[in-house]
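The values are calculated or read from the model by the stated rules, or taken from the named source; none is laboratory data. As the structure is a computational prediction, the values presented were derived from the model and not from experiment. Cβ coordinates were reconstructed from backbone atoms using ideal geometry, including for glycine residues, and neighbour counts include every protein chain displayed. Just the protein is used for accessible areas: all its heavy atoms, side chains included, with ligands, DNA and RNA removed. Shrake-Rupley method; radii C 1.70, N 1.55, O 1.52, S 1.80 Å.
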Amino acid sequence: MDVKKELKGEALEDPGSLPGKSRFVPPLLNPPSQARRYGNGQQVAFRQLRRLYFSLSLLKVTLINLEPQSQKKPPGGGEEKEGAAGRSCESQVPVKAFKAHSDAITAARLCCNDRCILSSSSDCSAILWDVEGFRPLRTFSGVHSRTITECVPIPNSNRMVTVSWDKEMVAWDLETGHVLWKTKLGGLLTSCSCSVDGRLLACAADPQRAIYICSASGGQTLHHFSNHHSSTITRCRFDPTNQRVASVSADRSIKLWDVQAQRTTMSISSNHSNVVSDCCFNSNGHFLYTASWDKTLKLWDLQGGEFRSQGGTTLQPSHEGSVSSCVLSADATLLVSGSYDRTVALWDPSLLCRTLVLKGHSDWVTDVSLSADKKLVASSSKDGTVRIWNVENIDEIPEVMQKKSGEGTGVEILKTADLGAADALRLLSPQSSAQIPTPAAAGHVTSAGRVSASQMSDVIASSRGAFISLGPSETGPELRVDDGSWCYHGYDAFRDAPLIT
């Protein structure tokens, strides 16, 4: 038996399973009870391999850096009673705490028009919660034999899917709790995503580092490709068009796989310095946010491609611990992240900055979810609770108001602006109200953004065949359309002004 080859195919355990240690378990040891099925010779070999693995562990030989970073004793926390309601002490945001699972919670998703929450857990069960009554409505158990890594509501239906380290993908009826179908895939399932139209499922499997594309109606495998990454795939997500699947990995890379062409169309070696743990698209699929164990979140312009030379744009300030999860609102005005520093953070994507930190979990935050109206944030934690934060009135919190006014310098482009030769963009200075006509401005602005003056090279909006951006030039900073149709030099004179139509 070639031990090196076996160890090379190791499977990533839950980063929350061993605080302060890396956990990289050979498939042959997962689960240990399988030794009983082997003959005497195989049993001896198995015991030898097991002793070798634990010897390596005792010698603290780290095969790969897969250790999340977190504070030892971050502020906040404490035990919560089931159904407890109150306010986050520091942020004064109303919060409810739900507790019914007997182990760490791996995922929490708002569903059923945001009236309910789905949670999954290491206790091998999933629970459907009523948000208003903060009580469990139904428990889904008795099928999975190992940690459920993710629970996914199927859009426009009363169904959900759970995936697990037991290699099973199971579809459930939310109303009856019955199993609709289940299928066994080729590895430990680490992530699952459903297409917006509810037709397809994408699942990540380890140690094959594979992506499975399956039918949501019956679980049949439609496409399967192995060795998609060089290490464990931590998250996979469909884009809003249902045409691509983004995947991120412990190898720190980002890949986009085209469902129709059945091939990888983009591969990004990210400038994250540790495991990339999660990702989320904006509504048109042109931009992608990533979360990482290096404590940061980054923004990637997939259409403009500036990341090829500059890497992703880092949001500031970073978390104090590894970032586990992220989710973006449909209108791209609110980004939410969860971290192993036991906090939930709210971000203003247009300012590329954090506006508020929500504290209360007593252990690592494993997942976050956001309601369609942006009023509720759901978070799950290794502390065994799901929390619902009411963020409807956060703009009235002095801390948020101060940050938005203090960071509100840069350029903003409205979401929909038809630009023709006779039209002009106006760059307004708060002091002088001066405006700058832009001759032959091309295209139709389809996305919005604000970039501070320090982010002079970042693309801030896209148009047909062009990108409006800030960037350096031989004569100084300029505001330009990258197709060369026009540019304005000397942008610094108006750096505090919004760009409007």
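Observations
- Taking 0.36 nm per residue of separation and subtracting the current Cα-Cα distance, fully stretching the chain between Lys184 and Asn284 would add 32.7 nm.
- A simple packing score, the average count of other Cβ atoms within 10 Å per residue, orders the peptides 313-321, 345-353 as 345-353, 313-321, with the highest score first.
- Packing, as the average of other Cβ atoms within 10 Å across residues, places the peptides 161-167, 127-133, 299-305 in the order 161-167, 299-305, 127-133, highest first.
- Stretchable slack from Gln220 to Gln262, in nm (0.36 nm times residue separation minus alpha-carbon distance): 13.5 nm
- Using the alpha-carbon positions of segment 272-407, Rg (one decimal) and Dmax (whole number) come out as 14.2, 42 Å.
- Along its principal axes, segment 190-283 has C-alpha extents of 39, 31, 21 angstrom, given from the largest down.
- Principal axis box of segment 121-203, alpha-carbon based, largest edge first, Å: 39, 30, 18
- Potential lengthening between Ser230 and Gln310 on full extension [0.36 nm per residue; Cα-Cα distance subtracted]: 26.5 nm
- Put simply, when 335-342, 183-190 are sorted by average Cβ atoms within 10 angstrom per residue, most first, you get 335-342, 183-190.
- Taking 26 Å as the limit for the C-alpha separation, the pairs Lys167/Lys295; Lys99/Lys374; Lys182/Lys255; Lys167/Lys382; Lys255/Lys298 exceed it in the case of Lys167/Lys295; Lys182/Lys255.
- Accessible-area ranking of Glu175, Glu399, largest first, probe 1.4 Å: Glu175, Glu399
- Segment 323-384, relative contact order in percent, only Cα pairs under 8 angstrom and at least six apart counted: 31
- Under the simplified labelling scheme, the Arg115-Ala372 pair shows an inter-label distance of 1.3 nm, with each label point 7 Å from Cα along Cα→Cβ.
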